[in-house]
Structures are given as structure tokens and as C-alpha cells.
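The structure under discussion appears below in the form of C-alpha cells.
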Amino acid sequence: MDGDAESYYFRRQIIEMAKLHDYYANCDNYKSWTRVVVYAEKIFEIVFSIHGYGHSNNGVMVVSGFTFEKIPSEDGSESTDAKPCNQDLFQFNYLEEKESIKKRFNDWLDESITFALAEWQRTIA
């Protein structure tokens, strides 16, 4: 996504999550994200971002997940309050076996989506 019109999307939230988890989100060499948007009375988003871990190019990547609501204000802006989807980040590196990464990631993603949907349910209750 670097260099395109969407490369800055979610930058603030990605940095917020990095600070919360006490690391530097390195988006210099690689950054990508995907999201699920739930349109209801309010717009609720679940975002997963993949990027480098730390200041150097050390071969460690991390996936962070967060949720937020878009709540329109009277002046036309939207306020967001990002919350993590998981207590932990998902970390992997180039030395780890692909199958191990996939298994761990699937477990982490299941837990993260469950938490995110519970957060959405809380917002509509």
C-alpha cells in the first residue's frame, strides 16, 4: 500500500495500538491492512494491520487488530475510539516454518474476531 492513496489509512490507530503494546510499528518496508465494516445505526469497523516490528529491518512482522466506531459529530467530523481486538499481537519471523505460522495465526485470528464481535455487540446493546 506504500505510495498509493490509501497508504496512510489507519495510521493513527496502528500507532495507538503499537504504543499500547509497547513497540514501534515499522511501516517503512511493508504495511498492509484489511477490514470488515458493519453498517448499522453506527458504522463499526474491524481492522487488521500487518507491518514490521521495531526500528530495524529485523525480519519480525506483526499483525495487530483493532475495532472502532465512526460516530458523526455535528460539525461533520467523525470521532473514533480504537480498541485492541486481542491482548496480544501476532508475531512471526522469516525463520519460522510456514505451517507453524498458519496454525498460530488461525488461533489468534479466531480469538481476535470473537473479541471484536463481542465489542460490536456491546455497542449495539
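Every number in this text was worked out from the coordinates using simple rules, so none of it is lab data. What you see is a predicted model; the values in this text were computed from it and never measured. Every residue, glycine among them, receives a Cβ derived from its backbone with ideal geometry; neighbour counts consider all protein chains shown.
Among 17, 61, a tally of other beta-carbon atoms within 10 Å of each Cβ gives an order, fewest to most, of 61, 17. Using only the alpha-carbon atoms, how far is helix 11-20 inclined from the longest principal axis of the chain? Give it as 0 to 90 degrees, nearest 10. Once rounded, one gets 70 degrees. Mean residue ellipticity at 222 nm, helices only, the chain: -10000 deg cm²/dmol; runs of at least 4 DSSP H residues each add -39,500 (n - 2.57), and the sum is divided by the number of residues. Net charge within 12 Å of residue 54 by Cβ-Cβ distance, Lys/Arg positive one each and Asp/Glu negative one each, not counting residue 54 itself? After counting each charged neighbour, the total is -2. When the C-alpha to C-alpha distance is required to be over 23 Å, the pairs from 31/102; 31/83; 19/83; 31/98; 70/103 that qualify are 70/103.
Annotation: aspartates and glutamates with alpha-carbon distance below 12 angstrom to residue 42 (same-chain offsets under eight excluded): 69, 78.
For the chain, take the longest principal axis of its alpha carbons; what is the angle in degrees between that and the long axis of helix 98-124, to the nearest 10 within 0 to 90? Around 10 degrees separate the two axes.
For residue 111, what charge total do you get from the other residues with a beta carbon under 14 Å from its beta carbon, if Lys and Arg give +1 and Asp and Glu give -1? Residues close to residue 111 contribute a combined charge of -2. Computed over the chain, the percent of Cα pairs more than 25 Å apart is 26.
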